[in-house]
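Read through the structure below, which is laid out as structure tokens, and then see the notes.
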Amino acid sequence: MTMKTVFEKTTGLTDNQTHYCPGCTHGIIHRMVGEVLEEMGILEDTVGVASVGCSVLSYEYFNCDMTQAAHGRAPAVATGIKRVLPDRFVFTYQGDGDLASIGIAEAVHAAARGENITVIFVNNAIYGMTGGQMAPTTLVGQKTATTPFGRNASIQGLPIRVSEMLSTLDGTAYIERVSTHDVPNIIKTKKAIRKAFETQKQGKGFSMVEVLSSCPTNWGLDPNESLDWIKDHMVPAYPLGVYKDVPKEADR
Amino acid sequence: MGKVLMKGNEVIAEAAVHAGCKYFFGYPITPQSELVAYMARRLPEVGGLFLQAESEVAAINMVYGAAGTGVRVMTSSSSPGFSLKQEGISYLVGAELPALIVNVVRGGPGLGNIQPAQSDYFQVTKGGGHGDYHTPVLAPSTLQEIIDLTEAAFDIADQYRTPVILLGDGMLGQMMEPVEFKELNERDPEQKEWATTGTRGDGKPRIISSLELNADALEKRNELLQKKFALIKQNEVRYETFEIDDADYIVTAYGTAARIAMNAINQARKDGLKIGMIRPITLWPFPEQPFIETRDRVKGYLSVEMSAGQMVEDVRLAVEGRAPVSFFGRTGGVVPTQEEIYDQIIKLAGGVEV
Ligand SMILES: Cc1ncc(C[n+]2csc(CCOP(=O)(O)OP(=O)(O)O)c2C)c(N)n1
Ligand code: SF4
């Protein structure tokens with residue numbers, strides 16, 4: 001009897017074991033990016049930019065050329081790469097602290113310039129790597145290491161909705177917010193990632209997929225409760241959907 | 001090609017183009033903005049790219065990304081902007097990426113003013129950003145010299161995989177002088193096997209990173225960097241001397257201060273005083289040798305700077321207390337005059353006989 005292979009690990013990822021906490025959805029998002037790069041046949045033409053945060057070591061996991069950027073600066077680094085190599089695929093992989101806090105200017109301006117890059121924006125409403133401090137995306141009332149009594153809007157301000165904000169810029173071509181809290185949404189996430197890279201392939205400009213992601217470790221919840229927390233708390237605050245999808249310049 | 005009259009900032013830009021630089025990422029700040037504007041016009045002519053970044057922080061990180069693809073790339077700024085670039089410079093050193101960073105220094109601290117100064121000496125020679133590192137620093141004193149040193153800066157950057165700083169000041173940036181460029185010949189960009197350009201069939205992915213979580217491994221990386229710095233110290237020291245063989249006193253200065261001091265020295269020589277000059281061209285590595293060779297026979301040194309006294313510390317280290325080292329400087333963007341420096345020389349030498 002011959003065995004038929006029905007499922008294989010994507011060649012978009014290396015064989016390295018990831019360091020993510022059990023139940024963390026960073027790993028799932030990595031795999032989908034890897035699968036998309038493999039399926040589109042663009043692994044060898046891609047340069048990824050790893051940011052700072054729990055995904056800082058993502059250069060060990062993606063099976064393509066990778067550059068590590070300073071905290072928040074990934075969109076600027078990606079700009080430098082893409083401007084020299086316009087025919088290569090360039091993506092950044094950034095957390096919410098990285099993109100929405102220290103690197104907000106770099107993100108806004110890369111988007112405003114319409115840089116033809118793809119940003120994978122992992123929003124887990126908290127700083128993971130440094131031990132669960134408040135992020136710009138932390139929900140009102142959410143307890144973190146630096147909002148021990150819950151985020152108070154009158155003291156810490158209100159969360160930033162990055163997809164909504166960036167979609168107001170004329171330079172953005174495709175922006176979608178997706179989630180990882182169940183299988184149908186994970187499938188949608190992969191579609192969005194593919195669409196983002198296709199947007200780049202068509203030279204339409206800045207594409208970003210905001211992925212709602214879990215941080216069981218710093219939320220103090222088990223992996224299943226974490227998925228529920230995304231669904232029950234994050235999705236209402238960060239509505240899913242396509243925020244921007246412009247036709248190619250020529251098609252407009 | 002013949003001589004052309006050009007502004008210092010534009011000379012730096014054209015010299016970079018001559019050295020094969022096709023990519024520039026920058027942000028305007030006086031007194032170096034002409035450099036940015038020149039590149040915006042010039043780079044498209046040579047098939048290159050100019051991009052105005054949203055900040056100095058973004059500019060240096062764009063340089064980091066571009067440098068990682070293996071091309072010759074640069075940015076330029078002036079003091080407050082240069083401070084912002086320090087984060088990126090530390091990362092460039094950590095990831096071992098070549099790039100040229102120009103600092104046309106102005107008066108500080110803080111917003112200071114837009115007049116010429118040399119008060120960023122510490123910042124450029126002692127690391128500036130976080131971590132144990134140095135970057136080579138080249139300090140021209142004439143516009144013609146800018147041309148050679150800009151090319152040398154790119155060569156050093158490529159050879160050692162390091163960012164290199166070209167240090168000028170507002171005076172050098174803003175002054176006009178006739179300069180001569182060699183014919184611009186197309187150079188083949190160097191293929192750098194470490195560059196991240198997409199693997200494109202050549203096997204294992206490449207990684208550019210300065211992260212090393214393991215302490216022993218990071219120490220090893222630091223040791224390798226230190227070896228590289230030692231090699232640069234051994235090979236890349238540049239300086240110029242003037243009549244130091246019979247000198248009783250030696251004036252030392254770099255850049256604009258050296259030009260003015262040179263006039264004062266010429267005047268003193270005419271008046272019968274035996275004054276020599278050591279002009280560091282590389283500020284790091286600092287040229288210790290001419291001080292070591294003269295320190296046991298001169299009566300003293302005078303460091304002249306457009307700062308409150310920064311290079312004088314390196315002079316003292318080189319002299320090792322074997323001769324007195326004095327200092328004269330003006331700060332806040334005030335340029336010392338020839339007369340002032342002359343008076344200092346006279347004071348030092350105990351007067352002239354009349
Ligand atoms: C300049 C600088 N400031 C602060 C840090 C520390 N730091 C590392 S990761 C991080 C937060 C990352 O959070 P996020 O981007 O949300 O990613 P996550 O860890 O949640 O995946 C911070 C503040 C740093 N590395 N560099
Ligand atoms: S700390 Fe949070 S974001 Fe980081 S790996 Fe663990 S679960 Fe994931």
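The values are calculated or read from the model by the stated rules, or taken from the named source; none is laboratory data. Everything quoted here is computed from the prediction, not taken from an experiment. For neighbour counting, all protein chains shown are included, and Cβ atoms are generated from backbone atoms with ideal geometry for every residue, glycine included. When the accessible area is computed, the model is the full protein with side chains, heavy atoms only, and any ligands, DNA or RNA have been set aside. Shrake-Rupley method; radii C 1.70, N 1.55, O 1.52, S 1.80 Å.
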Original post:
Using the Cα atoms as the points, what is the convex hull volume per residue of chain B in Å³?
Top reply: 141 Å³
Original post:
For region A:113-237, what Kirkwood radius comes out of the mean inverse Cα-Cα distance, in Å?
Top reply: 15.3 Å
Original post:
Under 20 Å from the Cα of B:Lys182, which lysines turn up, not counting those fewer than eight places away in the same chain?
Top reply: B:Lys3, B:Lys7, B:Lys22
Original post:
Which percent of the accessible heavy-atom area of region A:7-125 goes to carbon and sulfur, probe 1.4 angstrom?
Top reply: 52 percent
**OP:** Please give the residues of region B:130-164, grouped as numeric ranges, whose backbone N is less than 18 Å from a label point set 7 Å along the Cα-to-Cβ vector of B:Asn185.
**Re:** B:148, B:151-152, B:155
Subject >> Interchain or long-range residues, amide H under 5 Å from B:Val102's placed H >> reply: B:Thr75, B:Ser76, B:Ser77, B:Leu166
**OP:** Set the Förster radius R0 to 60 Å, insert the Cβ-Cβ distance between B:Ala40 and A:Asn224 as r into 1/(1 + (r/R0)^6), and round the FRET efficiency to 0.05.
**Re:** 0.60
**OP:** Could you estimate the translational diffusion coefficient of region B:194-271 from the Stokes-Einstein equation, with Rh from the Kirkwood formula over C-alpha pairs, at 25 °C and 0.890 mPa s, in whole µm²/s?
**Re:** 137 µm²/s
Original post:
Considering chain A as a Gaussian network with a 10 Å cut-off on Cα pairs, which listed residue, A:Ile102, A:Ile29, A:Ile117, attains the greatest mean-square fluctuation?
Top reply: A:Ile102
Subject >> 14 Å beta-carbon shell around B:Arg269, net charge (K/R +1, D/E -1) >> reply: -3
Subject >> Projected-area average for region B:1-160 over all orientations - Cα convex hull basis, square nanometres >> reply: 8.9 nm²
Subject >> Cα-based shape type of chain A, given that a ≥ b ≥ c are square roots of the gyration tensor eigenvalues and the cut on a/c is 1.5 >> reply: oblate
**OP:** Provide B:His18, B:His130, A:His71, A:His233 ordered by accessible surface of protein heavy atoms (probe 1.4 Å), highest first.
**Re:** B:His130, A:His233, A:His71, B:His18
**OP:** Could you please report the charge total around B:Tyr27, scoring K, R as +1 and D, E as -1 over all other residues with beta-carbon less than 12 angstrom from its beta-carbon?
**Re:** -1
**OP:** Could you pull out every residue, at least 5 positions away or on a different chain, whose amide H is within less than 5 Å of the one on A:Phe89? Hs are placed 1.01 Å off N in the peptide plane, and Pro or chain starts have none.
**Re:** A:Thr46, A:Val47
Subject >> Percent breakdown of C-alpha pair distances by 20 Å bin, ordered from the shortest bin, for the protein assembly as shown >> reply: 19, 45, 26, 9, 1, 0
Subject >> Residues in region A:11-53 that, when all protein chains are in place, have 40 Å² or more less accessible area than the chain alone would give (probe 1.4 Å) >> reply: A:Glu44
Subject >> Per-residue SASA entry for A:Met40, accessible area with 1.4 Å probe, Å² rounded to 10 >> reply: 30 Å²
Original post:
To the nearest 10 Å², what's B:Glu293's accessible area with a 1.4 Å probe?
Top reply: 100 Å²
**OP:** Provide the FRET efficiency to the nearest 0.05 for the A:Asp87-A:Asn16 pair, computing r from the beta carbons and using R0 = 35 Å.
**Re:** 0.80
**OP:** Work out how much length B:Met176 to B:Glu212 would gain on full extension: take 0.36 nm times their residue separation and subtract the Cα-Cα distance, in nm to one decimal.
**Re:** 8.3 nm
Subject >> Per residue, in Å², the accessible surface of region B:30-187 once ligands and nucleic acids are set aside, probe 1.4 Å >> reply: 31 Å²
Subject >> Compactness of region B:130-208, expressed as Rg and Dmax over alpha-carbon positions, Å >> reply: 17.2, 51
Subject >> Buried on assembly, region B:62-108 (at least 30 Å² less accessible surface than by itself, 1.4 Å probe) >> reply: B:Met62, B:Tyr64, B:Gly65, B:Thr69, B:Glu87, B:Tyr91
Subject >> Accessible area that becomes buried as A packs against B, both chains, 1.4 Å probe, Å², nearest 100 >> reply: 2600 Å²
Original post:
Expressed as a whole percent, how much of the Cα-Cα distance distribution for region A:33-144 exceeds 21 Å?
Top reply: 35 percent
**OP:** List the lysines whose Cα lies under 16 Å from the Cα of A:Lys201, skipping any in the same chain that are fewer than 8 positions away.
**Re:** A:Lys82, A:Lys191, A:Lys248
Subject >> Ranked order, B:Arg330, B:Arg41, B:Arg72, A:Arg177 - accessible area, probe 1.4 Å, largest first >> reply: B:Arg41, B:Arg330, B:Arg72, A:Arg177
Original post:
Counting DSSP beta bridges in the protein assembly as shown, what percent are antiparallel, to the nearest 5?
Top reply: 25 percent
**OP:** Go from 0 up to the bin containing the longest alpha carbon distance in region B:256-343, width 10 Å each, and give me the % of pairs per bin.
**Re:** 17, 50, 32, 2
Original post:
Quick one: what do you get for region B:168-207 if you divide its Cα Rg by 2.2 N^0.38 Å?
Top reply: 2.21
**OP:** Kindly provide the helix-only [θ] at 222 nm of chain B, computed as the sum of -39,500 (n - 2.57) over DSSP H runs of four or more divided by all residues, to the nearest 500 deg cm²/dmol?
**Re:** -12500 deg cm²/dmol
**OP:** Pop a pseudo-label 7 angstrom from the Cα along the beta-carbon direction at both B:Asp343 and B:Leu231 and give the gap in nm to one decimal.
**Re:** 5.0 nm
**OP:** Among the lysines, select those whose C-alpha is under 28 Å from the C-alpha of B:Lys220, and discard any that sit fewer than 8 residues away in the same chain.
**Re:** B:Lys85, B:Lys126, B:Lys192, B:Lys204, B:Lys228, B:Lys233
Subject >> Net +/- balance of residues flanking A:Tyr243 in space, Cβ distance below 9 Å, scoring K and R +1, D and E -1 >> reply: -2
Subject >> Selected from B:Thr196, B:Pro163, B:Met176, residue furthest toward positive end of dipole (region B:162-260; charges at beta carbon) >> reply: B:Thr196
**OP:** Please state, as a whole number in µm²/s, the translational diffusion coefficient that the Stokes-Einstein equation yields for region A:36-87 at 20 °C and 1.002 mPa s, with Rh defined as the Kirkwood radius across alpha carbon pairs.
**Re:** 186 µm²/s
Subject >> Rounded to whole Hz, the Karplus (6.51, -1.76, 1.60) HN-Hα couplings of region B:208-215, x for glycine and proline >> reply: 10, 7, 10, 8, 8, 6, 7, 4
Original post:
Between region B:323-354 and region B:194-246, what's the alpha-carbon centroid distance in Å?
Top reply: 39 Å
Original post:
When averaged across all projection directions, what area in nm² does the alpha-carbon convex hull of region B:102-141 cover?
Top reply: 3.3 nm²
Original post:
Of B:His134, A:His30, which has the most accessible area and how do the rest follow, probe 1.4 Å?
Top reply: B:His134, A:His30
Subject >> Principal axis dimensions, largest first and in whole angstrom, of region B:145-284 by Cα >> reply: 70, 42, 26
**OP:** Run through all the Cα pairs of region B:82-168 and give the fraction in each 5 Å bin from 0, expressed as whole percent.
**Re:** 3, 15, 26, 24, 19, 10, 4, 0
Subject >> ³J(HN,Hα), Karplus 6.51/-1.76/1.60, whole Hz, each residue of region B:75-82, x for Gly, Pro >> reply: 9, 9, 6, 10, 2, x, x, 5
**OP:** Would you please state which residues of region B:163-187 a label at B:Thr30 would reach in this model, taking the label point 7 Å out along Cα→Cβ and a backbone N cut-off of under 11 Å?
**Re:** none
Subject >> With at most 10 neighbouring Cβ atoms within 10 Å, loop chymotrypsin sites (Phe, Trp or Tyr not before Pro) (DSSP) excluded, longest segment of chain A >> reply: A:8-148
